[in-house]
2 protein chains.
Amino acid sequence: MKFSLALAGLFISFILAAQSPLPGLMPYPKSAILQDGKYRLNASFNASCIADDKDDILYSSVNRIFHGINRKTSLYFKQQYIKPGIVGKTSLIVKVAKKSDMFRGVDESYTLQVNSEGIMVDAATSIGAIRGLETLQQLLQKDTAGFYIPFVLIKDVPRFSWRGLMIDVARHFIPIDVIKRNIDAMATVKMNVLHLHLTDDEGFRIESKLFPKLHEKGSNGQYFTQDQVKDIISYARLRGIMVVPEFDMPGHTRAWFAAYPEFASAPGPYEPGPRFSVPANSNEPINIAAIMSVPTPTIDPTKEEVYKFLDKFFGEMANLFPSPYIHIGADENNGMAWKNNPAIVSFMNQKGIKDVHELQAYFVKRMYGIVQKHKKTMIGWEELNSPDLPKDVVVQKWIADGGFMKSHGKPLDIAIKGNPVIISTGFYTDHFLPAYIHYQNPNIPATDHPNIWGGEAAQWTEIADAGNIELRIWPRTGAIAERLWSPANVNNNENMYDRLFHLSKQLDEQGLQHIASYERGLRRLSNGNEYYNLKNLTDVLAPVRVMKNLFGRLGNPTQLSNNSSPFVEGGDIIFPDSEVKRTFRKNIAKYLDKKDPETEFLLKQQLELWIANHNVLIKAGMMQSGYANLEAHSANLQKISVTGLKALEKIKTGQVFSADEMTEIQKELKDARMPHGNAELDVVLEIESLIKQTLLPEPKMYPFF
Amino acid sequence: MKFSLALAGLFISFILAAQSPLPGLMPYPKSAILQDGKYRLNASFNASCIADDKDDILYSSVNRIFHGINRKTSLYFKQQYIKPGIVGKTSLIVKVAKKSDMFRGVDESYTLQVNSEGIMVDAATSIGAIRGLETLQQLLQKDTAGFYIPFVLIKDVPRFSWRGLMIDVARHFIPIDVIKRNIDAMATVKMNVLHLHLTDDEGFRIESKLFPKLHEKGSNGQYFTQDQVKDIISYARLRGIMVVPEFDMPGHTRAWFAAYPEFASAPGPYEPGPRFSVPANSNEPINIAAIMSVPTPTIDPTKEEVYKFLDKFFGEMANLFPSPYIHIGADENNGMAWKNNPAIVSFMNQKGIKDVHELQAYFVKRMYGIVQKHKKTMIGWEELNSPDLPKDVVVQKWIADGGFMKSHGKPLDIAIKGNPVIISTGFYTDHFLPAYIHYQNPNIPATDHPNIWGGEAAQWTEIADAGNIELRIWPRTGAIAERLWSPANVNNNENMYDRLFHLSKQLDEQGLQHIASYERGLRRLSNGNEYYNLKNLTDVLAPVRVMKNLFGRLGNPTQLSNNSSPFVEGGDIIFPDSEVKRTFRKNIAKYLDKKDPETEFLLKQQLELWIANHNVLIKAGMMQSGYANLEAHSANLQKISVTGLKALEKIKTGQVFSADEMTEIQKELKDARMPHGNAELDVVLEIESLIKQTLLPEPKMYPFF
């Protein structure tokens, strides 16, 4: 088997531009050259490695991908396991120069070549080989003659070294099987850091053998045992992913105080539970600033016992988590609990600490000493930033400059000052934003800087739980993964969406529950009956965006700290993006441009479907179902679809709506934009363009925090 | 809050007969009296227990059911957790006389009363309370005014004390999350024994700390750690389920010999893998008798080291599993490996052991001593039966009298002789039989006997894996659970099916993956596209029945001992029963009886759908899809549906088909009965009845092993 990585002598059919003929690839590689020809798979498809025999990460990954392809193709490969040693002529050779675990900055590059001789993945390290094998799996295609991999030469390397996903397992506990499925999906899109937010007011989600009261009193029985943590770490390790633990402090610590009220800034007793509560069914507008300034459970930073205790606890955790990083949170401490405690105020006076910001810096400094002692690098949310912050502390950005909250520095400024930066601003998947918003994230500086390590998608769980978290994170996080892996100029929204929906199907095929959870949710709303017509509606809804949704629902006891909260309403199970919406949007844009009969037909068909659909739903007894709160959307969709059909007629006959008609239509559109059941109708802009015969507006941006 | 369990003074609207107005209940209670009225649920719904404060099984179960109802109703109950202590006026009171773990014979009875005062579950033990709470959850109903529990008085007690599910985790490894979901489903239908078949030729699936080579060499990395085993046991315990381990020997032991070839009856080396292989794509009929008489890896029963080793190993396992039972398998040892070994033959001569059956009895006796030493009761498959079998050994029946294999005694005979009996004959869910077959299982003796402990559903995994095992076991096992719980006279097939499909929806709602796996399979076959039309076809297919399917597929390397075998073809993901089929069957029966226009309309609608459906599938490019091997079924369904429509016309006009027409039709029906893609068209009998204007034939029975 001969592989030539040189291009000389090869006929190159065409160079891939942003419009890719390799729709399965996400993130898109740095360089991919498609060539004429297909490598066909049959039952003799086999594999071997040129690598260190002891490279368990590599062998585990090769077997995983090999069995995945076997499963996808149903070819029943004769080779059962890939073990060290060359097995004669092999279809796939994986060559690794150096065995390596995942660490930040490890060489993740690879070359993948497919030609008539076979397939070669060539990488400097085991981790690079894993990335290449994931690409290989995404290249698998099918035609009438069966499954094949197109001839291709890919040379790939990531843009950023830190490509993470943060999961909040504290607000609602997320069990190990869900975590593992997320790890599988992360591996598919080449992410390399799983950041677990393990503690918060609502729960202390990790077993401590030194201080068992922490998880016993702080979790209502819902926590990871240390064996489960080891299981997660090892599962992630074999997929080239590092697990970084977060213990959020000094705020967000109510659950700790259930066990140790003496460490709090205000007297107890405490029980795990939400930081603040918003009155249910309140009709008054929510005053977020007021809510955020309430005193909340906070560690007392003046007590030496606190640091002694945290030193021991961090020692235990530093030992459990092999990652060189520990995240101490440090976010959203408004200092009110400190200001209200005379002993703390007197401590400040004594030490010359002039305000709660300086006291926070004092606490961070003490924690820095502890983290250093246990030979780890400290990470914190951006509120840990201060003028004297040591240069080896990593700052995780989450607040937008000019946003609602006070930013603690621009990413590039922090980087230039000398601290490494991880960017989560604009990557909050719990804000229900469509994927293109994250994809075009303006918070990633235009210029790369060695201290900008990368970014993290962040999924908080105030209003998500084990039953819907997969559909909240995926497939959108694929767009974030691509932003962090691919060159900055891979940035075409339409192209990204084509590949994102492809990815969604791949993740489903591999066992992720995002689509299954959506469809189970639809069955649940339909009392177990056929949900096909309901899906016609929910496919064009979107959850209410950003904080309106979050804060609008905090009044309900949604933060019940177990994994069975009732996040089962329409708004809880719908995706911010859908293929139906994208296709409709594309067709509207095309028709407004070309006025071609084919697109006109497709638009008519879609509008007529929505009109008919509402009648079917009503007939099926929508009001008796679990989705009565979506009825208004269905009725509105019918109404604006009728108007949409009329608009098509006007365009064809060169007419426009009269002023009187427009008055009526404006009212109709206004109604259609109203949220119901925590959901919004998400095709109104498109139909409005058709009615007004104007170009589609630019994709809407949303304010970040 | 006053509860009267006496019936005096209550208006009893009607006594429930086999036709139940409580469609959610499965298994059906011994006595259920529905009364006029509904107890309505709202956010104030709350609960407390009159019980031992330390009853963790009870409190865990009450919380689980309470949160389940909260989730199902989306009412956001104000009470978050149910903890010891009465919380004022409570909607639900659970009263338990005595805290208890699950053990065979524990009092599982309960009384459940719902009236205007509230709900009371009253049980002698924690286990009885769990069973009652599951019934409560199944009573939850909905009308236009919201969710409610009907006023009812239920007094319930199981018929059998052993109601088990056996899962073979050896042939294909079944990971812990899938096991836990099965435990959830078992709890729903009040099953109380999870029997894990942990070792077989294909894999040694449990960590041994004493002999780590066993799982290291015998599992290809796919096994339960002891921590996971403890996790499973504790998860099951909290749901009133006991976990019984099986270590199959002296046959079915190839995987052991990968580590210890010296314990085998024939020289090694060994690797875990199937016991025998059938040549792939062989066109010759499969000679099962010949296959079954091949020498297979078997423990050498003559070596003292073997018993020393097994004594230590069983000591370790006896300690790990708290259940008082250990299952030693002992099935399917044809003795050929012994006959072929001169040293074993000479041992037999020396000891006066006259044949391999006696040698098997010798081995069983030695193992009995070891199991006794570790204070456990021994269970084995029926081949461990022999004239001298000690009376405290439990015999698990799996072979039918008069079936293909040699039976080792009728259940009642064994029971009368003095050995306890567990019946699995007729309860093999891996035989792809419809639920009514198991429901009417003739292997359950008509007379109950104290030594007939009960039965077990059995799911072997030669051709099932983690991806499809839930749809293989469920919902059919609900019918088995009812056979084992409910009185023998609860036996109406139609009524059972109504409740079974209801159960299926309940299990789906709770998170079981049977429907999600089916639909994921359909998406996979459709390359991720809409599968609605494909489902119209697959809903009326059934997997090829019994051994034809199993043996027909052993030629493929389907026993790849990991959890990613490609069981993703049409035949792998379809259910033996479907609601569409049952409804069609019911309508055919009704129409043949009444000739009423309403039923005629429904039949026409269905037949026309099938006719149109084939055209859509062909247009959608069936041949390019993953389900090309189902095309013949779709075409046949279209053909016989056309004939079915003609038959409806004939009936209406009082005509019959001519002899010539019938000749053509017989050919059509014969084609339609042919299997393709491991599946059979499952509405042929029904359409045939319509054509012939005869009554529907009695439900078909199938031969058991």
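Here are the numbers for this structure:
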item: Helices (runs of 4 or more DSSP H) completely within segment A:290-402 that count 2 or more residues being under 24 Å from A:L194 (Cβ atoms); result: A:304-320, A:356-373
item: Scope segment B:232-268; condition of a type in the set (D, E) and over 22 Å from the mean Cα position of the chain (by Cα); matching residues; result: B:E262
item: Segment A:109-159, subset touching a Phe, Trp or Tyr at 6+ places or on another chain (Cβ under 9 Å) and of a type in the set (D, E), residue nearest to A:K89 (Cα to Cα); result: A:E117
item: One residue from B:T302, B:T253, B:T296 being of a type in the set (S, T, Y), touching an Asp or Glu at 6+ places or on another chain (Cβ under 9 Å) and at pLDDT 95 or above; result: B:T253
item: Residue match in segment A:617-627 (condition: surrounded by 22 or more Cβ atoms within 10 Å (Cβ to Cβ), within 35 Å of the chain's Cα centre (by Cα) and closer than 19 Å to A:L685 by Cα); result: no
item: Qualifying residues in segment A:543-572 (those that are more than 11 Å from chain B (Cβ to nearest Cβ) and either part of a loop (DSSP other than H, G, I, E, B) or at pLDDT 95 or above (or both)) - the one nearest to A:A479 (Cα to Cα); result: A:R545
item: Residue check for A:G369: modelled with pLDDT of 95 or more and of a type outside the set (F, W, Y); result: yes
item: Single unsatisfied condition, B:D388 versus (1) crowded, with 23+ Cβ neighbours inside 10 Å; (2) over 27 Å from B:M26 (Cβ atoms); result: (1)
item: Residue identified as within 14 Å of chain B (Cβ to nearest Cβ), of a type in the set (G, A, S), touching a residue at least 40 places away in the same chain (Cβ under 8 Å) and within 21 Å of A:V546 (Cβ to Cβ) among A:G677, A:G626; result: A:G677
item: Among residues of segment B:420-440, those that are assigned to a loop (DSSP other than H, G, I, E, B) and crowded, with 19+ Cβ neighbours inside 10 Å, counted; result: 8
item: Qualifying residue in segment B:484-502 (condition: in contact (Cβ under 8 Å) with a residue 40 or more places away in the chain, crowded, with 24+ Cβ neighbours inside 10 Å and among the small types (G, A, S)); result: no
item: Within segment A:42-79, tally of residues that are touching a helix residue (DSSP H, G or I) at 6+ places or on another chain (Cβ under 6 Å), over 27 Å from A:S486 (Cα atoms) and within 13 Å of another protein chain (Cβ to nearest Cβ); result: 1
item: For B:A464: the one exception among (1) under 14 Å from the mean Cα position of the chain (by Cα); (2) part of a helix (DSSP H, G or I); result: (2)
item: Qualifying residue in segment B:268-275 (condition: surrounded by 19 or more Cβ atoms within 10 Å (Cβ to Cβ), away from chain A (no Cβ under 13 Å), at pLDDT 85 or above and closer than 30 Å to B:M102 by Cα); result: no
item: Subset of segment B:340-357 (residues that are surrounded by fewer than 16 Cβ atoms within 10 Å (Cβ to Cβ) and not hydrophobic (A, V, I, L, M, F, W, C)); result: B:N340, B:P342, B:S346, B:N349, B:Q350, B:K351, B:G352, B:K354, B:D355, B:H357
item: Test set (1) in contact with a Pro (Cβ under 9 Å, 6 or more places away or on another chain); (2) at pLDDT 95 or above; (3) within 14 Å of chain B (Cβ to nearest Cβ) - A:F575 fails condition number; result: (3)
item: Failed item, numbered, when B:S116 is tested on (1) surrounded by fewer than 17 Cβ atoms within 10 Å (Cβ to Cβ); (2) in contact with a strand residue (DSSP E or B) (Cβ under 7 Å, 6 or more places away or on another chain); (3) within 14 Å of chain A (Cβ to nearest Cβ); result: (3)
item: Residue in segment B:25-45 that is free of Cβ contacts under 8 Å to residues at least 12 places away in the same chain, in contact with a Pro (Cβ under 7 Å, 6 or more places away or on another chain) and over 24 Å from B:I241 (Cβ atoms) present; result: no
item: Positions within segment A:487-536 being more than 30 Å from B:E579 (Cα to Cα), part of a loop (DSSP other than H, G, I, E, B) and not hydrophobic (A, V, I, L, M, F, W, C), in sequence order; result: A:P487, A:N489, A:N491, A:N492
item: Out of A:S265, A:S208, sole residue that is among the hydroxyl-bearing types (S, T, Y), on the phi < 0 side of the Ramachandran plot and in contact with a Ser or Thr (Cβ under 8 Å, 6 or more places away or on another chain); result: A:S265
item: Long-range neighbours under 9 Å by Cβ, at least six apart or interchain, first residue within 10 Å of A:I57 (Cα to Cα) within segment A:225-240, second hydroxyl-bearing (S, T, Y) and assigned to a helix (DSSP H, G or I); result: A:L238/A:S60; A:L238/A:S61; A:R239/A:S60; A:R239/A:S61; A:G240/A:S61; A:G240/A:S126
item: Extreme residue, farthest from A:I241 (Cα to Cα), among residues of segment A:80-104 that are out of contact with any strand residue (DSSP E or B) (no Cβ under 8 Å at 6 or more places or on another chain) and within 14 Å of another protein chain (Cβ to nearest Cβ); result: A:Q80
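Condition check ((1) in contact with a Lys or Arg (Cβ under 8 Å, 6 or more places away or on another chain); (2) within 14 Å of chain B (Cβ to nearest Cβ)) across all residues:
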residue: A:N451; (1), (2): no, no
residue: A:N468; (1), (2): no, yes
residue: A:W474; (1), (2): no, no
residue: A:D498; (1), (2): no, yes
residue: A:S504; (1), (2): no, yes
residue: A:E509; (1), (2): yes, yes
residue: A:I515; (1), (2): yes, yes
residue: A:G528; (1), (2): yes, yes
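The values are calculated or read from the model by the stated rules, or taken from the named source; none is laboratory data. Nothing here was measured: the structure is a model prediction, and the numbers come from that model. Neighbour counts are summed over all protein chains in view; Cβ atoms, including those assigned to glycine, are modelled from backbone coordinates with ideal geometry.
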